[in-house]
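Before any comments, here is the structure.
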Amino acid sequence: MSVRARLRCAELTLTLATFLFIVWVVNGAKIFAAGTRPNVIVITIDTLRADHLGCFGYREIQTANMDALARSSARFSHAYTPVPLTLPAHTSLFTGTFPMATGVHDFAVNKVPSSAVTLAEVLRQNGYATGAFIGAPVLDSTYGLNQGFETYFDHFDFSHLDESKADRIKRRGDVVINEALSWLKRTPRRPLFLWVHLYDAHYPYSPPEPYASRYRGHPYDGEIAFADAQLGRLVSFLKETGSFEDSLVVLAGDHGEGLDEHGENKHGFFIYNSTLHVPLLLKVPAATPRVVRDEASLVDVMPTVLQALRIPIPASVQGHSLLSEILGRPASGPSNLYSETFLPLLHFSWSQLRGLQWRGLKYIDAPRPELYDTTTDPHETKNLFGTRQADAHMMRERLITILHRYTPASGAAPSENGLTDPAFLERLRSLGYVATSTGTFADAAGKELPDPKDRLQVYELFWEAMEDGTHGRYEESLRKLREAEKVEPDSMPILLLTAIDYFQMKDYQPAIQLFSKILVLKPRFAAPHYYLGVIYAQSSNIEAASENFKRALELEPANFSAAFGLGAAYLKAKRVEEAAAAFQQTIRINPDYAEAYTALGEIYLYQHRVDDAVVVLERAVKLAPDMPVAHYRLGQAYEAKGRHQQAQEEFRRGKPTDSSSHP
């Protein structure tokens, strides 16, 4: 073919692509002209491996609803999460940014900054009703992803939940969908943005019937099948109300699951594709369904949605729109497939991991770096770092470039190897870590941190021990912790979990010794002070209890449990005014803590402040309708007010507490 002919062919191809895009815009304009922009429905399914869905070729499961949605969507066969952890993955999806931009690298101890611009905020500013329905406490509004949502159904009771285990507590998907459908039915305003988060596939796997029997021996698949059925309920409602066809629908996994690949049973410890590869389906009204083989990242979802709606994309967004690929046009540019996990560093004092995929290569920056050819070795089993040094060097340079590009400026010029955001560096320094000239981290003594690959056995023993302790198998938990301690002596999480096991067994002497040892190793650690406060309060050493509770509050001002413990200790010592002040502080920290309102109400009754008692006790029973003592104390308050009928009703619903706790 001559050069002129090839140019003519290229012109025709370009003209056809432009024509198709114009047709889509015109059709889209017709949809929007019906009165409003289309509804936006985002469904995220936690811990969902792409290769465990029927639409991705898995034949051992029935996922009819996801498969049907895939047939009406653009299915991205190579989509990846930046972080294999729930909170940072969702933060990237809903802000279109990498963790360096928001500082959200981890779960439980992070919060989305108010300065971050979320998809919900942008859509709400553009007239959308916004609602979110959440399946796990790790996405509770405490962590900041509620920004922009008028309705945010989380409602998790953190007063009885250790936040370090927040990622293990589930709300079943049928409950989440029930709430979402109820909101849809009572929300007449259109357009609307709905986010539904289904957490069922997250460990522990315990699918309800008939999925438990149907997938006996494969409970993870059973949980996915149950989540698929809940998705079906939502889609059926949208179709019944005539809104499905014209809705923009996104379905995404936030991360995968190890399932023992690379020795990782769950997720968050490594950044192999077993936990990074996720399903991503995007149904845009009037777009032809197709399979898109171009690589994509979860940070690309927000700009894609906004471009499809013809809403300006905020300057803060770091992902790029996938709309061209959805419409069958050439990609507007490659996605940046950056990945990281700071879980080993923040929880175990081992090295963090950061990686990059590009043109069939996968590089993982670690004390012992890794390089894989994912085209010929998709399961990442053959490390080529030693034999392809030039490729490894090139990939590391690309990784550093991306980190510099997407890390916010700190006011000082970044060093060549400044590989994380300034606020996060400050946090790491406060934990005793320092950045080295190689871009890795070392402890305060300058010793470089272990490679997670060399601590996998310790990590798995730790989580097995935590599982045993959660189920009351404390002796078995302690046995595994002693085994782990042989490899990692003076490991903070191992010492802490061992101390907590003794605490739960009410074997307080070794618990006190271990908590005290932890404070020698890490003086600014709030948790040991809290537990010591509880132990000393139970042994009536009120002075030691109050000092530890106060220290815990100094180190962790949001620790409402420490404030409540301080109040209880003061109350036990008959220091009533100080107890009341501590309970008031508890309420300021956590306005939904019913126990604090009840305790304050008891004090007000003792002080004959009956009107004040009624106010706080009515709040207590509203927050905790099943708390008998709150009802009983409210009955006493009503009786003192002469409201005898109401008092009798509350007495029937309650009972008195042990008189030893009264002032």
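Any read-out appearing in this document is the output of simple, stated calculations on the displayed coordinates, not a laboratory observation. What you see is a predicted model; the values in this text were computed from it and never measured. Counting neighbours? That spans all protein chains shown, and the Cβs are built from the backbone with ideal geometry, glycine included.
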- Query: Which distance in Å, rounded to a whole number, links the C-alpha centroids of the stretch 358-400 and the stretch 532-566?
  - Reply: 49 Å
- Note on the structure: Least to most buried among Ile45, Ile535, Ile494, by other C-beta atoms within 10 Å and fewest first, runs Ile535, Ile494, Ile45
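Using 1/(1 + (r/R0)^6) with R0 = 30 angstrom and r between the beta carbons of Gln509 and Glu476, what's the FRET efficiency to the nearest 0.05?
The pair Gln509/Glu476 has a calculated efficiency of 0.90.
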- Task: Arrange Leu384, Leu259 by Cβ neighbour counts within 10 Å, fewest through most, would you?
- Result: Leu259, Leu384
- Theoretical gain in end-to-end length, Gln648 to Val576 [0.36 nm per residue, Cα-Cα removed]: 23.1 nm
- Message: Can you sort Ser73, Ser247 from fewest to most other Cβ atoms within 10 Å of each residue's own Cβ?
- Response: Ser247, Ser73
- Please compute the Cα-Cα pair-distance distribution of the chain with 20 Å bins starting at 0, giving whole percents from short to long. 17, 46, 31, 6, 1, 0
- For the pairs Lys517/Lys550; Lys480/Lys522; Lys170/Lys453, note any where the Cα-Cα span goes beyond 21 Å. Lys480/Lys522; Lys170/Lys453
- On a 0 to 90° scale, report how tilted helix 628-641 is relative to the longest principal axis of the chain, with both axes built from alpha carbons and the result rounded to the nearest 10. 60 degrees
- Note on the structure: Under the 7 Å Cα-to-Cβ spin-label approximation, Ala315 and Ala212 lie apart by a distance in nanometres of 5.5 nm
- Note on the structure: So, with points 7 Å from each Cα along the Cβ direction, the Asp294-Thr187 label distance in nm works out to 3.0 nm
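Students often check this: by mean Cβ neighbours within 10 Å, which of 554-560, 498-504, 526-532 ranks highest, and how do the rest follow?
Taking the mean over residues of other Cβ atoms within 10 Å, the ranking is 526-532, 498-504, 554-560.
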- Item | Full-extension gain in nm, Ser332 to Ala640, via 0.36 nm per residue minus C-alpha separation | 103.6 nm
- Sites His379 and Thr241, calculated FRET efficiency, Cβ-Cβ separation with R0 51 Å, nearest 0.05: 0.75
